[in-house]
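> This is the structure I have questions about; it appears just below.
The values are calculated or read from the model by the stated rules, or taken from the named source; none is laboratory data. Bear in mind that the values here come from a model prediction, so they are computed numbers and not experimental data. All Cβ positions, even for glycine, are placed from backbone atoms using ideal geometry, and neighbour counts span all protein chains on display. Accessible surface is based on the protein model in full, side chains and every heavy atom, while ligands, DNA and RNA are left aside. Shrake-Rupley method; radii C 1.70, N 1.55, O 1.52, S 1.80 Å.
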Amino acid sequence: MNENLYADRPTFVSHLECSMTGERYEADRLHGLSRVGRPLLVRYDLEAAGAALSRDALAARPTDLWRWRELLPVRHTADIVSLGEIETPLVPAPRSAGANVLVKDEGRLPTGSFKARGLVMAVAMAKELGVTRIAMPTNGNAGAALAAYASRCGIETVILCPEETPEVNVREIAVQGARVYRVNGQIDDCGAIVGRGAAEGRWFDFSTLKEPYRIEGKKTMGLELAAQYGWELPDAIFYPTGGGTGLIGMWKAFDELERLGWIGPKRPRMYAVQASGCAPIVRAFEAGEEHAERWEDAHTVAAGIRVPRAVGDFLILRAVRDSGGAALAVGDPAILAAVDAAAKKDGLLLCPEGGATLAAYRQAVKDRLVDEEERVLLFNCATGLKYPMPDAPNWLDRHRPIDLAAL
């Protein structure tokens, strides 16, 4: 086990705060949404955290998620439920994207996706706060991460998937110990069932942003990339956006790092990338709205961003607008073409959601939203090995003459 897990854990959580009203909530108690039905954000005594941790001290630690412990909510080392959450690499994609584009490859994390970041933190806090039964809706990867971490610490889980969830994800969830059910609907339909069960006291609702701690795990993406870029952030970030926890979390991370004095006020332009078959954030952005209406008849090959309604819609839109970025939609043909190009030209096997960020970046360059000379970061949120691939039909019969010149 990583030696960081045995280190002393000074923690600096001061309180929780409603993301809409600013109302304060007591730390170290189990919370869902705020009284007005909006996500709660964890707040820290950053002055004390900064006095306890320097950038030099951070640099001396192993480069995993838990190196950031002063900026994370878990108070007790014994409550950490780790499967080895590494710092994910920044991989160049010069032939499919360009010389100044890097891909943060989150597929290297446990369970093969960036969902491990959020769920390891949420499960650790659930353990710390005495939760014994959890339910959650998922399009696939989040359910797999929850099943893995919850099984590791003995928390019972019930997971509901839309009927279109990739079969490999459903099987992955089941084999890692969760009770998983398919539902003939979209992820928000699954969420409604989870919500009803939570209201009846059957389980704790682990839906996206309906508990405060998944965002704290996801914000480590922002903390990591700040360190990887030498404490000066890239010019633009393209992020595949369904529930948007990671985009919100990164924006929170940048604010905390500036308040620590570790970065300046410069921010990347945040581009929330959605599929044209399910683009509620894009529609709200273009209409100048603060909230996004439900997207009907949602469909896309990128299952992870097939989210018709996001409880944190206003936080996503706020970050996008405050950064000078945009919400962009790309079609499935462009997504699949980008996945193919990254694999054939750069050896990067992107998931469809990661392909969406590459497709959106290419379009943004054409539309002059982004200059090819700018430093740009794309997120590949899961390993492409979890997704269907085209057939490879070529074969040879060793019992027949083989014309090697034709190969």
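> Which residue pairs have Cβ atoms closer than 8 Å, lie 6 or more positions apart in sequence or on different chains, and pair a first residue in the stretch 59-84 that is within 24 Å of F254 (Cβ to Cβ) with a second residue that is basic (K, R) and outside any loop (DSSP other than H, G, I, E, B)?
R61/R67; L65/R117
> Examine the stretch 286-304 for a residue that is in contact with a Ser or Thr (Cβ under 8 Å, 6 or more places away or on another chain) and among the aliphatic types (A, V, I, L, M), and state whether such a residue exists.
Yes, the stretch 286-304 contains at least one residue that is in contact with a Ser or Thr (Cβ under 8 Å, 6 or more places away or on another chain) and among the aliphatic types (A, V, I, L, M).
> Of all strands (runs of 3 or more DSSP E) completely enclosed by the stretch 34-144, which ones contain at least 1 residues that are modelled with pLDDT of 95 or more and within 25 Å of D189 (Cα to Cα)? Steps first, please.
Values: elements: 40-44, 90-92, 101-105, 133-137.
Counting at least 1 such residues, we get 40-44, 133-137.
> Restricting the search to the stretch 177-227, which residues are closer than 30 Å to R67 by Cβ, out of contact with any Lys or Arg (no Cβ under 8 Å at 6 or more places or on another chain) and free of Cβ contacts under 8 Å to residues at least 60 places away in the same chain?
G177, A178, A226
> Also, quick follow-up: Can you pull out the residues in the stretch 217-241 that are assigned to a helix (DSSP H, G or I) and open to solvent by less than 10 Å² (accessible area, probe 1.4 Å)?
We begin by selecting, within the stretch 217-241, every residue assigned to a helix (DSSP H, G or I); these are 217-218, 220-228.
Hits for the stretch 217-241 are G217, K218, T220, M221, G222, L223, E224, L225, A226.
> I'd like the full set of residues that are buried (at least 24 other Cβ atoms within 10 Å of the Cβ), at pLDDT 95 or above and assigned to a helix (DSSP H, G or I), limited to the stretch 149-182.
Correct list: Y149, A150, I173.
> Turning to a different aspect of this structure: Taking the residues in the stretch 196-209 that are modelled with pLDDT of 95 or more and not hydrophobic (A, V, I, L, M, F, W, C) as candidates, determine which candidate is nearest to A27 (Cα to Cα).
Among them, the one singled out is D205.
> Same structure again: Regarding A97, is this residue open to solvent by 30 Å² or more (accessible area, probe 1.4 Å) and more than 19 Å from the chain's Cα centre (by Cα)? Walk me through how you get there before you give the answer.
Numbers: open to solvent by 30 Å² or more (accessible area, probe 1.4 Å): no; more than 19 Å from the chain's Cα centre (by Cα): yes.
So A97 does not fit the description; no.
> For the stretch 384-407, which positions are outside any loop (DSSP other than H, G, I, E, B), open to solvent by 100 Å² or more (accessible area, probe 1.4 Å) and free of Cβ contacts under 8 Å to residues at least 60 places away in the same chain? Steps first, answer last, please.
Initial filter on the stretch 384-407 (outside any loop (DSSP other than H, G, I, E, B)): 384-386, 404-406.
Of the ones still in play, those that are also open to solvent by 100 Å² or more (accessible area, probe 1.4 Å) are 385, 404.
Within the stretch 384-407, just L404 meets the criteria.
> Next question, about the same structure. Check whether at least one residue in the stretch 261-275 is buried (at least 19 other Cβ atoms within 10 Å of the Cβ), over 16 Å from L378 (Cα atoms) and in contact (Cβ under 8 Å) with a residue 40 or more places away in the chain, and report yes or no. If you could, list the steps in order and put the result at the bottom.
Going residue by residue through the stretch 261-275, those that are buried (at least 19 other Cβ atoms within 10 Å of the Cβ) are 263, 267-275.
With over 16 Å from L378 (Cα atoms) added as a condition, the list becomes 263.
Of the ones still in play, those that are also in contact (Cβ under 8 Å) with a residue 40 or more places away in the chain are none.
For the stretch 261-275, residues buried (at least 19 other Cβ atoms within 10 Å of the Cβ), over 16 Å from L378 (Cα atoms) and in contact (Cβ under 8 Å) with a residue 40 or more places away in the chain: absent.
> Could I ask something else about it? Out of all the residues in the stretch 351-383, which are of a type in the set (A, V, I, L, M), part of a helix (DSSP H, G or I) and in contact with a Pro (Cβ under 8 Å, 6 or more places away or on another chain)?
Kept after step one, since they are of a type in the set (A, V, I, L, M), are these residues of the stretch 351-383: 356, 358-360, 364-365, 369-370, 376-378, 382.
Then keep just the ones that are part of a helix (DSSP H, G or I); that gives 356, 358-360, 364-365.
Within the stretch 351-383, just A356 meets the criteria.
> Next question. Quick one: R283 ticks every box in (1) open to solvent by 50 Å² or more (accessible area, probe 1.4 Å); (2) at negative phi; (3) among the charged types (D, E, K, R); (4) not in a helix (DSSP H, G or I) bar one, so which box is it?
Against the list (1) open to solvent by 50 Å² or more (accessible area, probe 1.4 Å); (2) at negative phi; (3) among the charged types (D, E, K, R); (4) not in a helix (DSSP H, G or I), R283 comes up short only on (4).
> Within the stretch 44-95, how many residues are more than 14 Å from A227 (Cα to Cα) and of a type in the set (S, T, N, Q)?
2
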